[in-house]
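*Asks:* Quick one: this structure, given as structure tokens, is what I'll be asking you about.
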Amino acid sequence: MSKLEVLRNPKQRKLLFSAGMSWLFDAMEVGMISFIVAALAKEWSLSPGQVGVLTSINSIGMALGALLAGALADRFGRKAILMWTLLIFTIASGLSALATGFAVLCALRLVAGIGLGGELPVASTLVSESMPTAERGRAVVLLESFWAGGWIVSALIANFVIPEYGWRIAFAIGALPAFYALYLRRAIQDPPRYKNHTKLQKITFREKVATVWSAPHRRTTLMLWILWFTVIFSYYGMFLWLPSVVMAKGFTLVKSFQYVLIMTIAQLPGYFTAAYFIERFGRKFVLVVYLTLTAISAIAFGLATTEATILAAGICLSFFNLGAWGGLYAYSPELYPTSVRSTGVGLATSVGRIGGVLAPFMVGMLVQKAVPISLIFTIFFVTILIGAAAVLFWGRETKGQELAE
């Protein structure tokens, strides 16, 4: 089956692109931070520790957003919460352009993070529930591929806007997608699977959490929480620091932006190969293989010293890491019944975001103490392999299975 077959049905195609654009805007906002902090560190004379705090505060918001939005989407619908999360992070981004100091910017990034973290699990659940079984995994991976588009846009803004006009304009651009919420209001609907599940509104949040940790789901939940934590810990630790790490290896700010743009483009074939393999060989295959190769790429990037080796390792890191992300978002909603699906994914994402809080802060502290980049990336190597092992030994394959009601 071609990966494009999922696009043949006009209704499914419209849903995928509509949700995908909100995903792209989310990625653009997250990507923008990695470039803005590199410029801010110079303009505001921020220490590595402060840079770590700024990137971590965004992840604290994302943890809260994932937790809240997952539960709210099970109660009020996927569509409504998707629109509100989009509005929250775009408005906070626009206000970030007016920030007058470090503390104000941190507060605004916390609010933006709530919207950013809430949008992703809700969008993946919406698409997963709306697609036929044979195309469900591929559709969610293709949804996740819009993330690469958002990072490419943010890298282009970093290359052509930030050096010329400053970081405030970049934040202002991040506010423009707020208008897209008006389009979403008409373009998408809640999945019939959700609409037909009339008992959803009667289940309390406490009951949903109890269900997620009940005997039938306990091992799955533990596996998923470990997987999300290790993937997000390594991703945000590596990618939010990517421009700064390239600079630490002896390249200029502009040069580091150019290298990261090239590495970001490599995410697209990573997604598309994962989209092909996920319905051919299964979710576990994609996650275990792509995560293992991500770990190897992390070691290679940490040890790289020349222009060629930095680019080669960075390209491989982007290719395999983002392919694994596609598998992660496709896999997670398939592990829970409809009544707690968004809550279950939101909880796992929220636990993962704790890793997104810890990793950038940890990297900042280690860089400040002059710990070698190679040693820092060895930590990510080990972390990623733990996530791959959790899937290998505790994960169950969901390829070709109907979503549980």
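*Asks:* Please go through the stretch 86-128 and pick out each residue that is β-branched (Val, Ile, Thr), within 16 Å of the chain's Cα centre (by Cα), closer than 23 Å to SER56 by Cα and open to solvent by less than 10 Å² (accessible area, probe 1.4 Å).
*Replies:* VAL122
*Asks:* What are the residues in the stretch 52-78 that are over 15 Å from LEU108 (Cα atoms), open to solvent by less than 10 Å² (accessible area, probe 1.4 Å) and in a helix (DSSP H, G or I), if any?
*Replies:* Within the stretch 52-78, GLY52, ALA66, ALA69, GLY70, ALA73, ASP74, ARG78 meet the criteria.
*Asks:* What's the number of the only condition in (1) aliphatic (A, V, I, L, M); (2) under 23 Å from TYR236 (Cβ atoms); (3) in a helix (DSSP H, G or I) that ALA99 fails to meet?
*Replies:* (3)
*Asks:* Now for a different question. Among the residues of the stretch 218-228 satisfying the criterion of being farther than 17 Å from GLY113 by Cβ and not β-branched (Val, Ile, Thr), which is nearest to the chain's Cα centre (by Cα)?
*Replies:* So, considering only residues that are farther than 17 Å from GLY113 by Cβ and not β-branched (Val, Ile, Thr), the one nearest to the chain's Cα centre (by Cα) is LEU227.
*Asks:* Please verify whether GLY314 is at pLDDT 85 or above, crowded, with 24+ Cβ neighbours inside 10 Å and over 27 Å from LEU224 (Cβ atoms), treating the condition exactly as stated.
*Replies:* yes
*Asks:* Answer yes or no as to whether LYS79 is touching a residue at least 60 places away in the same chain (Cβ under 8 Å), within 28 Å of TYR165 (Cβ to Cβ) and of a type in the set (Lys, Arg).
*Replies:* No; evaluated as a whole, the condition is false for this residue.
*Asks:* Now a separate question. Which of the numbered conditions does LEU156 fail, given that it passes all the others? Conditions: (1) modelled with pLDDT of 80 or more; (2) open to solvent by less than 50 Å² (accessible area, probe 1.4 Å); (3) of a type in the set (A, V, I, L, M).
*Replies:* In the conditions (1) modelled with pLDDT of 80 or more; (2) open to solvent by less than 50 Å² (accessible area, probe 1.4 Å); (3) of a type in the set (A, V, I, L, M), LEU156 misses (2) alone.
*Asks:* Given the criteria of a type in the set (A, V, I, L, M), under 17 Å from SER124 (Cβ atoms) and in a helix (DSSP H, G or I), does LEU143 qualify?
*Replies:* The answer is yes for LEU143.
*Asks:* Right, something else. Anything in the stretch 348-366 that is touching a Phe, Trp or Tyr at 6+ places or on another chain (Cβ under 8 Å) and either free of Cβ contacts under 8 Å to residues at least 40 places away in the same chain or open to solvent by 10 Å² or more (accessible area, probe 1.4 Å) (or both)? List them, or say none.
*Replies:* VAL351, ILE354, LEU358 - these are the residues of the stretch 348-366 that are touching a Phe, Trp or Tyr at 6+ places or on another chain (Cβ under 8 Å) and either free of Cβ contacts under 8 Å to residues at least 40 places away in the same chain or open to solvent by 10 Å² or more (accessible area, probe 1.4 Å) (or both).
*Asks:* Looking at the stretch 294-301, is at least one residue in contact with an Asp or Glu (Cβ under 9 Å, 6 or more places away or on another chain), in contact (Cβ under 8 Å) with a residue 40 or more places away in the chain and small (Gly, Ala, Ser)?
*Replies:* There is no residue in the stretch 294-301 that is in contact with an Asp or Glu (Cβ under 9 Å, 6 or more places away or on another chain), in contact (Cβ under 8 Å) with a residue 40 or more places away in the chain and small (Gly, Ala, Ser).
*Asks:* Look at the stretch 86-117 and say how many of its residues are closer than 25 Å to ALA71 by Cβ and touching a residue at least 60 places away in the same chain (Cβ under 8 Å).
*Replies:* Final tally of qualifying residues: 10.
The values are calculated or read from the model by the stated rules, or taken from the named source; none is laboratory data. Values in this document were obtained by computation on a predicted structure and should not be read as measured data. Here Cβ is always computed from backbone atoms with ideal geometry, including for glycine, and neighbour counts include all displayed protein chains. Protein only, heavy atoms only, side chains kept; ligands, DNA and RNA dropped before computing areas. Shrake-Rupley method; radii C 1.70, N 1.55, O 1.52, S 1.80 Å.
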